[in-house]
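First the structure, in the form of structure tokens, and then the observations on it.
The values are calculated or read from the model by the stated rules, or taken from the named source; none is laboratory data. This structure is a prediction, so every number in the text was calculated from the model and none was measured. Reconstructed Cβ throughout: ideal geometry from the backbone, glycine too, with neighbour counts over all protein chains shown.
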Amino acid sequence: MKKLLFALIIFIGISLFGQKDVNNKPTTDTLKYEIGQVTVTATRSPENILEIPYAVSILSKDQLQNFKGYGLDEALSTVPGVLAQSRAGNQDIRIVIRGFGARGAGDRSNSGTSRGIRIMLDGIPETEPDGRTSFDNIDLSLADNLEVIRSNSSALWGNAGGGIVNISSVPNFNETFVSPGGMMGSFGLQKYTVKSGAVFGSGNLSVAISNSTFDGWRSHSASKRTVVNANIVSQLDNRTKLGVYFVGASNIFHIPGPLTQAEYDANPAQANPTYLARDERRYNRLGRIGVTLDREENDMHEFSGMVFLNPKYLQRSERGTFRDFTRYHTGGNFIYRNNLNLSSNITNKLTLGIDEAYQDGAILFYSLSAENGRGSTLKDNKREGANTFGAFVQTEVRVGEDVSILLGGRYDDLTYISESFIDPAFGLQQKSFKRFTPKAGITYMFSPAHSLYANLGGGVEVPAGNETDPAGTYGQDTVYLLNPLLEPITSTTVEIGTKHLMYVDNYSFIKAISYDVALYYIIVNNDIIPYRGGRFYFTAGKTDRMGIEAGLNLHMDYGLSFQGSFTYSQNKYQEYLVDSVHYGKAGHSADFKDNKVAGLPDVFYYTGINYAPEFLHGAYIGLSVNGMGSYFVDDANTIEVPSYNILNATIGIKNAIKLSNHIDLSGFISVNNLTDAKYAASAFINPDVVGGAPVFLEPGLLRNIVASLSFGIH
């Protein structure tokens, strides 16, 4: 607490310094401010990033182009407040924003999916109605930009709004182009991409394809994925825009599983023996088409709508069974916006909207054959579905040029459906959760490029589908298909923050500065906690989370630039009494009050510096370090993952080199984990204990090299 109070004092000092700077800016024009028109769209309508009372980060195409793009971890690790851990070096990552998503590692259907964080592609949800998100459709090599809202956004998005990540795959271009590219790297990494775009009339058509293969550095961690994006965006008239977005993926990845400390020390490249013997893997084939329509009726009235259809065919070998999933995910939204001038000095923007999403489908459970394929015995035939409906309202009042006030709220109704077609004892079972979530915020603009904000709001996150399964560890549950004990996670967040953008003239060594700082305090009720690696789930009565996040970008003379992010937090259980009947000790319990929350380090950070002098003609040299402190993986705080620091180096082309009037060249070479450090990239929460040893460590990628080359033909 003392550290956070000290951070608050520093934060206030930063804000007051910024205010003084603006009110007394030099008349010689040695300091000029950027009139920021950077907008964020994940707020349900385009908003100036400085004016909204949320912690927001935007990564541009230039910032994304020098990653291998297989997983989101490389990009998100640069964002303050976001913990992104790669579990096996491919798309399977664990994302945590301010503690939300911390349980998204372990067994069952946690592999390849996240919790608590809403992920969208082109504004269309990849997150399912129950809050789970898979990353099959997402390849950052095909992305144009990425937005992250770190503030709790349940009042806008409902379930799993602990943070928002919105990826745009629509490139910005005004002439026809084709851009082929290739990438090769250590441990059998190969990736080939083709991106293209054509202008026709008032519309743009873009198509992008990537094919990635990775042998994996650990045994039994190979993966292969193909992703196709196709988008049409057309301005039908001056006030109407139509968008059609298609994405499809075929993705197979093998799961190496966690290791004990002894196994990790002896050989971190080995696979978990059980996972290896069963050839545990996932083979996902899915597609999605979405259509959006935006209409500005006049200066006062705007409408927008979206519909999507997302069929899926998923196959898994896990926990001794072979499973076939046939699912369809469909939904849409409708939003109305009203812009009203209340007076010469006061404007109001009212937003009303509804969201609907439904997913359903069959799961066939088969025995596992001797070759780890589909066996001949059908063990179960289940239906698993979820429906979510939400209605929200938000009003933003702007008073003059300095003050903006936001008020809003959302009502959500989510229903789970489960049914067994084999066991007549389990008929159709349903469970519903309903919740209203409020939000209030205020922003004060010291200048058009410097703001101070505060917000107060609620959050809601319902259990994911697999988490509603009863705990069948010892075969006690013979009545329920849906866990009757789990309730939604509810939270209250208090946050203050500041954002500042400025440019300095040519006579200063520092040319541009941007920074953002946010402090938050979150009270969480019914925090869902995985046990035995995610085989079943308990709830903690109350959890406190508080922290400070800071991001800084500097552009300096001589082609130097610096980017840094830092996060410090304290996360503790305040009320958490566990009945240990699941461990064969009926009548016994454990009290974990004041223990640290499992899976959350106190500190993590990123820092990077680039050198791109003029004599390199667009090329640059970069060094970066990212790391985190140690953290516990069990509620009893007896099993600890050690801290680590990873050094990376890159040589790349910042500005594409013109080979001719119509052909450009770009590329990079990266050496990741330059010192070949041995570290645990992720870990199972409250893991299994086998032979007296917890099985929890997922080793991180050793030193590896990635080389990429791409051409732009236009």
Item to complete: Working only within the stretch 596-618, note down all residues that are farther than 17 Å from Asn655 by Cα and aromatic (Phe, Trp, Tyr).
Response: Phe604, Tyr605, Tyr606
Discussion item. It is to be established whether one or more residues within the stretch 357-377 are in contact with a Leu (Cβ under 9 Å, 6 or more places away or on another chain), surrounded by 14 or more Cβ atoms within 10 Å (Cβ to Cβ) and farther than 30 Å from Asp423 by Cα.
Written reply: no
Fill in: Qualifying residue in the stretch 581-592 (condition: touching a residue at least 40 places away in the same chain (Cβ under 8 Å), within 23 Å of the chain's Cα centre (by Cα) and within 22 Å of Ile685 (Cα to Cα))
no
Worksheet item: Do any residues in the stretch 697-709 that are within 30 Å of Leu659 (Cβ to Cβ) have Cβ atoms under 6 Å from those of residues that are modelled with pLDDT of 95 or more and not in a strand (DSSP E or B), where the two are at least six apart or on different chains, and which pairs are they?
Response: Asn704/Ser186; Ile705/Ser186
Practice prompt. Would you be able to say whether some residue in the stretch 460-477 is assigned to a strand (DSSP E or B), of a type in the set (Gly, Ala, Ser) and modelled with pLDDT of 70 or more?
Written response: no
Worksheet, complete the sentence: The one condition Gly161 fails out of (1) modelled with pLDDT under 95; (2) more than 22 Å from the chain's Cα centre (by Cα) is (2)
Worksheet, complete the sentence: Those strands (runs of 3 or more DSSP E) completely within the stretch 241-355 that have 2 or more residues that are in contact (Cβ under 8 Å) with a residue 40 or more places away in the chain and over 30 Å from Arg44 (Cβ atoms) are 301-318, 321-341
Worksheet item: Quick check, is Ala222 at pLDDT 95 or above, in contact with a Pro (Cβ under 6 Å, 6 or more places away or on another chain), of a type in the set (A, V, I, L, M) and crowded, with 17+ Cβ neighbours inside 10 Å?
Response: no
Worksheet item: Which ranges mark the helices (runs of 4 or more DSSP H) fully within the stretch 1-92 that have 2 or more residues being at pLDDT 80 or above, closer than 28 Å to Arg118 by Cα and touching a Ser or Thr at 6+ places or on another chain (Cβ under 9 Å)?
Response: 61-64, 73-76
Item to complete: Scan the stretch 58-87 for residues that are within 12 Å of the chain's Cα centre (by Cα), within 25 Å of Thr498 (Cα to Cα) and in contact (Cβ under 8 Å) with a residue 24 or more places away in the chain and jot them down.
Response: Ala75, Leu76, Ser77, Val79, Gly81, Val82, Leu83
Worksheet item: When you go through (1) β-branched (Val, Ile, Thr); (2) touching a Phe, Trp or Tyr at 6+ places or on another chain (Cβ under 6 Å); (3) farther than 22 Å from Phe187 by Cα one by one for Thr650, which number turns out not to apply?
Response: (3)
Worksheet item: Only one of (1) out of contact with any helix residue (DSSP H, G or I) (no Cβ under 9 Å at 6 or more places or on another chain); (2) at pLDDT below 95; (3) not aromatic (Phe, Trp, Tyr) fails for Leu616. Which number is that?
Response: (1)
Worksheet item: Does Glu384 satisfy being surrounded by fewer than 18 Cβ atoms within 10 Å (Cβ to Cβ) and in a strand (DSSP E or B)?
Response: no
